[in-house]
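A.B. asks: This is the structure I want to talk about, given as structure tokens.
The values are calculated or read from the model by the stated rules, or taken from the named source; none is laboratory data. As the structure is a computational prediction, the values presented were derived from the model and not from experiment. For neighbour counting, all protein chains shown are included, and Cβ atoms are generated from backbone atoms with ideal geometry for every residue, glycine included. When the accessible area is computed, the model is the full protein with side chains, heavy atoms only, and any ligands, DNA or RNA have been set aside. Shrake-Rupley method; radii C 1.70, N 1.55, O 1.52, S 1.80 Å.
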Amino acid sequence: MAEAAVSSRRLNQTLEELGRFGYSPDGMQRLAFTPADVAGRDYAMSLMRRAGMGVRIDPGGNIIARREGSDPNLPAIAMGSHLDTVPNGGKYDGSLGVMGGIEVVQALSDANVSLRHPVEVLVFTNEEGTRFHRWLFGSRAMAGTLEPGDLTAVDDEGVLMSSRLADIQGNMDRVQRAGRQPGELAAYLELHIEQGPTLHQSGVPIGVVTGITGRWVYEADIVGVPNHAGTTPMSGRHDALVSASRLVLEVQRMASELEVCRVGTAGTIQAYPGAVNVVPGQVKVGFEFRDLEMACLAAADAEIRSVAARIAARDGVAIDINRFESTQSAPISSGMQELVAAASERAGLAHQRVPSGAGHDAQSMAGITDAAMIFVPSVDGVSHSPGEYSTPEACANGAQVLLELLLLADRRG
Ligand code: HGY
Ligand code: MN
Ligand code: MN
């Protein structure tokens, strides 16, 4: 057991208090850059200061809290995650990693335990990418992997993300300076809920994450012929919504029946002009594929494009498939997996290897330092939904393993 121990009561109390920012009966609405996000960030910074950390915000809007170590020449060991949620989301996704990191530092301060390395707790901007898309924005800014499309991103109303970034004290004109130099960080450790059913079903309290999924995101633009719903014969229609529906079913069939890749999801659809008595002339569909193997995503890309060509020919519509986000999968090194397993054992907790079907800031950070992830069970595997729940004991278990992992990483050098 470590010289220090996290406080389950205090950790779960901060999770509950954080959950007030953006709460609604339909779930969490703390989308990036909203007033609820600003309030949640301010709350987290108040806790960071209470734990004795210095706090700053980088041009990417990332919060960087820091506790100095005994050897100022050593690179920092960082913990963290994100505070923004999806619409109607849960109150543990991202939040547990941030509150857990703060709780670890608070526990070290309370026990007067000083480490060799400086310690940082990070809050990454716009991890979910709901409103402006461009997910993992803050961690990609810190990893130096932003793309031109990130800098010019706009939402569906044409609002520039750069203008919203200023609301959280970021600065798109200087965002390239958010990049951390190689060697600046010794490791990045992220505690997160599993968001899937594996640990809940196995009853094992800790997941040692083996890798984080790749994710390709698309918009399909289907153009048919708008016409009168009452007078246009069925045989003469070029109904964009019928063609879009065929495409959506193929996205699902490719993953479930053909197993081209692990999962395929169509999550958004807009039909124009959007009147029930008009045969839809245009439909936009947002969909994504995920897999740990990038070759599977490449296969899915080729397959969906040939499927779209077949539907277009059959229905006499035009279908444009635009891939606008391509995120690489990230394996977790065996050394870091072993460190998480050792930390679990020091905490007296059983553990099992688990791949991550969700994306995480750790996959950005894996490009610039040694990254590791700790999972705790999601009850019934539910997430990105108001039903998302992890027990107070599970949250405390994860934070204690995070503390043990930090101590091991500090001694590892
Ligand atoms: O979508 C995801 O995988 C993550 O929760 N942002
Ligand atoms: Mn999420
Ligand atoms: Mn998350």
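A.B. asks: Between residue 201 and residue 17, what length in nm is gained on full extension when 0.36 nm per residue of separation is reduced by their alpha carbon distance?
C.D. replies: 63.3 nm
A.B. asks: If I stretch the segment between residue 278 and residue 181 completely, what's the gain in nm (0.36 nm per residue apart, minus their alpha carbon distance), one decimal?
C.D. replies: Working: separation 97, 0.36 × 97 = 34.92 nm, distance 5.56 nm.
Residue separation times 0.36 nm, minus the Cα-Cα distance, leaves 29.4 nm.
A.B. asks: Here is a further query. Count the net charge of all other residues whose Cβ sits under 14 Å from the Cβ of residue 133, scoring Lys and Arg as +1 and Asp and Glu as -1.
C.D. replies: Values: positive: 131, 134, 140, 164, 215, 284, 323; negative: 84, 127, 128, 147, 150, 155, 156, 157, 219, 288, 325.
Charge balance in the 14 Å sphere: -4.
A.B. asks: Here is a follow-up. With charges set only on the Cβ (+1 for Lys and Arg, -1 for Asp and Glu), what does the dipole of the chain come to about its Cα centre, in debye to the nearest 20? If you can, show how the numbers build up before the last one.
C.D. replies: Values: 34 positive and 49 negative charges, 52 e Å.
Charge dipole, the chain, about its Cα centre: 260 debye, nearest 20.
A.B. asks: Roughly how many nanometres apart are two label points built 7 Å out from the Cα toward the Cβ at residue 314 and residue 295?
C.D. replies: Reported label-point gap for residue 314 and residue 295 is 3.0 nm.
A.B. asks: For region 363-369, just list the computed ³J(HN,Hα) in residue order, Karplus coefficients 6.51, -1.76 and 1.60, θ = phi - 60°, integers in Hz, with x standing in for Gly and Pro.
C.D. replies: Running phi through 6.51 cos²θ - 1.76 cosθ + 1.60 with θ = phi - 60° gives 6, 6, 5, 5, x, 10, 7 Hz.
A.B. asks: Per residue, how much accessible surface does region 214-327 expose to a 1.4 Å probe? Answer in Å², no decimals. Please report the intermediate quantities before stating the final value.
C.D. replies: Working: 5630 Å² over 114 residues.
Value for region 214-327: 49 Å² per residue.
A.B. asks: Expected output is a single nm value to one decimal: the length gained when fully extending between residue 326 and residue 42, i.e. 0.36 nm times separation in residues minus the C-alpha distance. What is it?
C.D. replies: Values: separation 284, 0.36 × 284 = 102.24 nm, distance 3.15 nm.
Computed gain between residue 326 and residue 42 is 99.1 nm.
A.B. asks: If one puts a single equal scatterer on every Cα of region 58-204 and applies the Debye formula without solvent, what log₁₀ I(q)/I(0) results at q = 0.13, 0.20, 0.21 Å⁻¹?
C.D. replies: Ignoring solvent entirely, the Cα scatterers give -0.66, -1.23, -1.29.
A.B. asks: Same structure, new question: For the Cα atoms of the chain, what angle does the longest principal axis make with the long axis of helix 240-256, in degrees from 0 to 90, nearest 10?
C.D. replies: Tilt relative to the chain: about 50 degrees.
A.B. asks: Hey, could you grab the Kirkwood Rh for region 214-327? Inverse mean 1/r over distinct alpha carbon pairs, Å, one decimal.
C.D. replies: Working: mean 1/r = 0.0696 Å⁻¹.
One decimal place: 14.4 Å for the Kirkwood radius.
A.B. asks: Let me ask something else. Write out the GluC sites (Glu not before Pro) in region 114-206 meeting two conditions: DSSP loop, and at most 11 other Cβ atoms within 10 Å of their Cβ.
C.D. replies: 157
A.B. asks: Work out from phi, with θ = phi - 60° and the Karplus expression 6.51 cos²θ - 1.76 cosθ + 1.60, the ³J(HN,Hα) of each residue of region 221-234, listed in order in whole Hz, and give x for Gly and Pro.
C.D. replies: Running phi through 6.51 cos²θ - 1.76 cosθ + 1.60 with θ = phi - 60° gives 10, 9, 10, x, 10, x, 6, 6, 6, x, 10, 7, x, 4 Hz.
A.B. asks: Under a point spin-label approximation (7 Å from Cα along Cα-to-Cβ), what is the residue 167-residue 147 distance to one decimal in nm?
C.D. replies: Modelled inter-label distance: 2.5 nm.
A.B. asks: How large a share of the accessible area of the chain, in percent, is made up of carbon and sulfur atoms when the probe is 1.4 Å and the other protein chains stay in place?
C.D. replies: On the way: 8550 of 16320 Å².
Whole-percent figure for carbon plus sulfur exposure: 52.
A.B. asks: Please build a GNM for the chain, connecting alpha carbons under 10 Å apart, and tell me which residue among 186, 372, 318 fluctuates the most.
C.D. replies: The residue with the greatest mean-square fluctuation here is 318.
A.B. asks: Points 7 angstrom from Cα along the Cβ direction at residue 253 and residue 156: gap in nanometres?
C.D. replies: 2.8 nm
A.B. asks: Need one value: the accessible area of residue 228 in square angstrom, 1.4 angstrom probe, rounded to the nearest 10.
C.D. replies: Answer for residue 228: close to 100 Å² accessible.
A.B. asks: Around residue 295, under 14 Å between beta carbons, what's the net of Lys plus Arg minus Asp minus Glu among the other residues? Intermediate results must be reported in sequence, preceding the final value.
C.D. replies: Working: positive: 262, 290; negative: 259, 291, 293, 301, 303.
Value of the local net charge: -3.
A.B. asks: Over region 242-382, what is the relative contact order in whole percent, taking alpha-carbon pairs under 8 Å and six or more residues apart? Don't skip to the end; give the middle numbers.
C.D. replies: Numbers: 130 pairs, mean separation 25.6, N = 141.
Dividing the mean separation by the residue count of region 242-382 yields 18 percent.
A.B. asks: Just to confirm the number: angle between the C-alpha axis of helix 392-412 and the first principal axis of the chain, 0 to 90 degrees, nearest 10?
C.D. replies: Value to nearest ten degrees: 60.
A.B. asks: Okay, next question. Report the one residue of 185, 292, 268 whose Cα lies farthest in the direction of the positive end of the charge dipole of the chain (charges on C-beta: Lys and Arg +1, Asp and Glu -1; origin at the Cα centre).
C.D. replies: 185
A.B. asks: At a temperature of 25 °C and a viscosity of 0.890 mPa s, determine how fast the chain diffuses translationally according to Stokes-Einstein, using the Kirkwood radius over alpha-carbon pairs as Rh; express D in µm²/s, rounded to the nearest whole number. If you can, show how the numbers build up before the last one.
C.D. replies: Details: Rh = 22.2 Å.
In µm²/s, the coefficient rounds to 110.
A.B. asks: Under 4.7 Å Cβ to Cβ, no partner at all: give me those cysteines from the chain, in residue order.
C.D. replies: Here 395 come out as lacking a disulfide-compatible partner, given the Cβ-Cβ threshold of under 4.7 Å.
A.B. asks: Counting Lys and Arg as +1 and Asp and Glu as -1, what is the net charge of the other residues whose Cβ lies under 10 Å from the Cβ of residue 207? All intermediate terms of the calculation are to be shown ahead of the outcome.
C.D. replies: Numbers: positive: 353; negative: 194.
Residues near residue 207 contribute 0 overall.
A.B. asks: Relative to the longest principal axis of the C-alpha atoms of the chain, give the angle of the C-alpha long axis of helix 294-315, reported between 0 and 90° and rounded to the nearest 10°.
C.D. replies: For 294-315 against the chain, the angle is about 20 degrees.
A.B. asks: Also, quick follow-up: Using Cα pairs closer than 8 Å and at least 6 residues apart in sequence, work out the relative contact order for the chain, in percent. Don't skip to the end; give the middle numbers.
C.D. replies: On the way: 999 pairs, mean separation 96.6, N = 413.
Reported as a whole number, the value is 23 percent.
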